[in-house]
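The values are calculated or read from the model by the stated rules, or taken from the named source; none is laboratory data. Since we're looking at a predicted model, the values are computed, not measured. Glycine also receives a Cβ, built like all others from the backbone with ideal geometry; neighbour counts cover every protein chain displayed. Please note that ligands, DNA and RNA were not included when accessible areas were found on the heavy atoms of the full protein model with its side chains. Shrake-Rupley method; radii C 1.70, N 1.55, O 1.52, S 1.80 Å.
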Amino acid sequence: MRRRVVACVAVVGVVVGGVLLGGCGAADKAEKAGEDAVEKSIADAAKKQSDDVEDVEVDSEAGTITIEGKDGTLVLGEDLPLPEGFPTTLPLPEGGHTVNAVAGEDGAFEVSMFVTDPDLRAHEQRIRAGLDADGYAVGATRDEVLDGVPQRVVPATGHRTTVEVRLGVAVGRATVHYSVTPRG
């Protein structure tokens, strides 16, 4: 036990000494050390959730977390751009939204966004109407619970894709999630 404590104190001493000796770069070194610690914590948590996680990158300047896995790459952040190739035929929520999670691989997309207007029924009606107007075959809305979160799901097919638009509340905010998969 004592050996572990001495080893930890030595490591902390080296890290603190390195930061202090850095002079002008001390803030940069401290930020990098903090970013590395956050990255490791996120990677550990993500790997506990799924064996598919291969790498985690935290970019504090961009405010993003990128999780790479066997099935693709997930980017988390605030006000992200829609992924390249995301179908322009899909109606997006009106009244303001910010994209906060994006995954896209081989024509399949997962995009989550927070919406400003908390009236999810109004979003559902507008999105259903937009899908119909853009030539999608829209199915009946169904209620589901995913990981304990109640959601309304609007399924649609068209433009060689299958789409599910999920409307719900996550972390206290109204959300709309698009799941798009290519059809043969």
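Here is how the numbers come out for the structure above:
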read-out	value
Condition met for GLY85 (more than 27 Å from ARG121 (Cα to Cα) and at pLDDT 90 or above)	yes
Qualifying positions in segment 170-184 - touching a residue at least 24 places away in the same chain (Cβ under 8 Å), open to solvent by 60 Å² or more (accessible area, probe 1.4 Å) and within 17 Å of the chain's Cα centre (by Cα)	ARG173
Residues within segment 70-80 that are within 20 Å of ARG173 (Cβ to Cβ) and part of a loop (DSSP other than H, G, I, E, B), tallied	4
Of residues in segment 130-168 being β-branched (Val, Ile, Thr) and touching a residue at least 24 places away in the same chain (Cβ under 8 Å), the one nearest to ASP79 (Cα to Cα)	VAL165
Search result, residues across segment 142-161 that are of a type in the set (Val, Ile, Thr) and in contact with a Pro (Cβ under 8 Å, 6 or more places away or on another chain)	THR161
Residues located in segment 39-65, provided they are farther than 23 Å from GLU78 by Cβ and modelled with pLDDT of 75 or more	GLU54
Filter result (at pLDDT below 90 and of a type in the set (A, V, I, L, M, F, W, C)) within segment 69-82	LEU74, VAL75, LEU76
Criterion: within 30 Å of GLU57 (Cβ to Cβ), out of contact with any Phe, Trp or Tyr (no Cβ under 6 Å at 6 or more places or on another chain) and aliphatic (A, V, I, L, M) - qualifying residue of ALA170, ALA140	ALA170
Flag if LEU92 is surrounded by 17 or more Cβ atoms within 10 Å (Cβ to Cβ), assigned to a loop (DSSP other than H, G, I, E, B), at pLDDT 80 or above and over 12 Å from the mean Cα position of the chain (by Cα)	yes
